[in-house]
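Take a look at the structure set out below.
Quick note: the coordinates plus some simple rules give every number you see, no bench work behind them. Since we're looking at a predicted model, the values are computed, not measured. For neighbour counting, all protein chains shown are included, and Cβ atoms are generated from backbone atoms with ideal geometry for every residue, glycine included.
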Amino acid sequence: MLRFLLRRLAVALPVLLGISLIVFLLVHLQPGDPFVEMVSPDATPEQKAELLRSYGYGDPIGIQYLRWLGKLATGELGNSVLQGRAVTALIGERLGNTALLAGSSLLLTLAVALPLGLFIGLRRNGWPDILVSVLSFALVSVPTFFLAMLLIKLFAIDLRWFPTGGVVTIGAGHEGWGHVRDVFAHLVLPSAVLALANIAILSRYLRSSVSELVDQDFIRALFARGVPLRRVVTPHLLRNAARPLVIIISLEIPALLSSALLTETVFNWPGVGRLSFEAVQGRDYPLLMGIVLFLAVTTLACNLLADLLQAVVDPRVRLVR
Amino acid sequence: MNAPRLDLSAKFPVKVGHSSATGTAAAAPAAVPAATPKRTGTSGKLLRNPFFVIGAVILSVMVALAVFAPWVAPFSPDEIDLFAIEEPPGGGHWLGTDEVGRDVFSRLLFGGRVSVLVGVSAVALQLVIGVALGALAGYCGGLVDAVVMRLTEVVMCFPFYAIAITLAALFGASVWNVILIIGILHWTGLARLVRAEFMSLREREFVLAARAIGTSPLRIVLRHLLRNSYGPVLVYATLAVAQGVLAEAALSFLGLGVRQPQPSWGNMLSAAQSMRVLSDQWWLWMPPGIAIMLMVLAINFLGEALSSNLNRRPARPVADLWPRRRAHRQP
């Protein structure tokens, strides 16, 4: 297991360096010099040049990369141009909201997709199966932001069941349980939008793995011996079908963070995705690069996690090079 | 290059027919030597697949409307009519008018051109990058493979929308930049697919035979490996067109893709960021949203039909006695 872990890390390290290299190049592509906000407007050109030199602006690009990497290693991502605060602090503030949204949509996905996938996997080609197939095709094909608008129009504007956006009702000043209820009401629509497409994918996936399993001898033998369905489902079917599920879920986290950008923008949800959109609109490049780097490293970490989980649930993986 | 075991004599007769199992191009000459073409081959099966028929009909109608937009559209997409602002559908305008009195239906038709252009060009770019790198990694193996795969992993680590809006902010917003961005971010899946296909194919006997008679590596890659990977690549490319259409819509919706006044379905949808439009003027945002959905759905149907067509096991009487081959799973 330890050897497997070390081998995975050895593969991840060059990838991490590659990520940092790309982000660094993007930082360099940004128009204007990155220190422009640090110079007072009435400084002479000579003073500006002197300041830039003191930061090593004219150094060879390789030296600059190494210096940037060194700063990165100490967790420094620079300051936001618009807000003048540390990028790490800004991301940290918004991370909670994004985690709340991603987490609740993941829970919703599992709560619906697991029973649904199992059900249609056991009853292949019945009408529920066909209905779910058609629906999942539609859900995978609809742009998330359009789905978000449709839900807002229907449930927030016409039916008035849920608020149209934001995290809390502005000016309501709820406390305690009232606050929790308020946040929950705001959470329902965006997490449903994020969950729907995933439900479609996951339930289809589960359907195919369950329907493959049902045909296998050990399951048929169980049925032949007269073991009741519920004693087959949980210990045998679900356990075997859920094995790849662990990996899919850990790979789903970065995808959620990425697609949350559109959902957060439509729902005015102040998360990391919306922050990156605000950074683009305000041409706040240091903030933008910080977020991109953060998301890329998170993705890499999730991939590693997926590999490890796979090795835990399926020991054969450890032996494969 | 490690040489596979020489068990040609035992397996060679089976492998002669290798080309008929994959790909329409390779299957056609082998399966139908007769002069009268019968609809029993791949195309015949496809035409009986409801997914294929529905997808093809919807898609051809939409593409035709987009291509012939200048002749079909009742108005010019940029024609401003300040006396007919935000008119609901009916009267002279089938789908009403927008905030400066432009005809929504005409803009919808012209917007389709952007989606078709971006979808097809972005996939062409992906094919160039993905197939080249995947072929390189899969054929060479070893260090080349390791380097290409690490590069692929690096690109895959960047969540699409986060990096796409960053690049759009750096490059500027235009149709060509959208194509470029989608192309350079989405090739990774193709590269991995082609690599995997090549890795399994290059150990097969017909490749070994080709190498043994002195076929050049380039010819092996193009004629033997690439041609036999044709099927999965076609399916993947089809589905990638749908992804491209969706990505263009999302970027344009955020104001980082196609800019006004040029109409695109994505930037037409961004009108609905105003609560007033969203609640009261459905004709401004529902039609482009439905258009995107229909087009993506049609392409996904085509992809599904193609993939189930390719995965079909050859109709052998003993098929069920053979160990069941794992169907190629789409990413």
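At full extension, B:Ala196 and B:Val100 could sit 29.3 nm farther apart than now, given 0.36 nm per residue minus the alpha carbon distance.
When peptides A:72-79, B:121-128, A:84-91 are ranked by their average number of other Cβ atoms within 10 Å per residue, the highest-first order is B:121-128, A:84-91, A:72-79.
The orientation-averaged projection of the convex hull spanning the C-alpha atoms of the protein assembly as shown amounts to 38.2 square nanometres.
Suppose we look only past 18 Å in the calculated P(r) of the stretch A:186-321. What percent of the Cα-Cα pairs does that tail hold? Tail of P(r) above 18 Å: 68 percent of Cα pairs. In this simple spin-label model, placing a label point 7 Å from the Cα along the Cα-to-Cβ direction at both A:Trp161 and A:Ile130 gives a separation of 2.8 nm.
Each residue of the stretch A:252-260 was assigned a 3J(HN,Hα) from its phi angle through the Karplus expression (A = 6.51, B = -1.76, C = 1.60, θ = phi - 60°), giving 6, 4, x, 4, 5, 4, 6, 6, 5 Hz with x at Gly and Pro. Under the simplified labelling scheme, the B:Val128-A:Glu212 pair shows an inter-label distance of 3.7 nm, with each label point 7 Å from Cα along Cα→Cβ. Shown is the FRET efficiency for B:Ala209 and A:His174, computed with R0 = 56 Å from the Cβ-Cβ distance and rounded to the nearest 0.05: 0.15. A simple spin-label model places pseudo-atoms 7 Å from Cα toward Cβ; at A:Val183 and B:Val144 they are separated by 5.4 nm. Once you reduce the stretch A:129-189 and the stretch A:197-232 to the center of their Cα atoms, the two points are 33 Å from each other. A Förster radius of 60 Å combined with the Cβ-Cβ distance from A:Leu13 to B:Trp71 puts the calculated FRET efficiency at roughly 0.55.
With a Förster radius of 56 Å applied to the beta-carbon distance between A:Arg231 and B:Ala84, the computed FRET efficiency rounds to 0.25.
Couplings for the stretch A:127-140, taken from phi via the Karplus curve 6.51 cos²θ - 1.76 cosθ + 1.60 with θ = phi - 60°, read 5, x, 4, 5, 4, 5, 4, 5, 4, 6, 4, 5, 5, 6 Hz in order; Gly and Pro are left as x.
Multiplying the residue separation of B:Arg223 and B:Gln273 by 0.36 nm and removing their Cα-Cα distance gives an extension gain of 12.9 nm. Only Lys, Arg, Asp and Glu carry charge here, each on its Cβ (+1 for the first two, -1 for the last two); on that basis chain A has a dipole of about 1640 debye about its Cα centre. Taking only Cα atoms of the stretch A:115-154, what ratio of Rg to Rh do you get with Rh as the Kirkwood inverse-distance radius? Dividing the radius of gyration by the Kirkwood radius yields 1.13.
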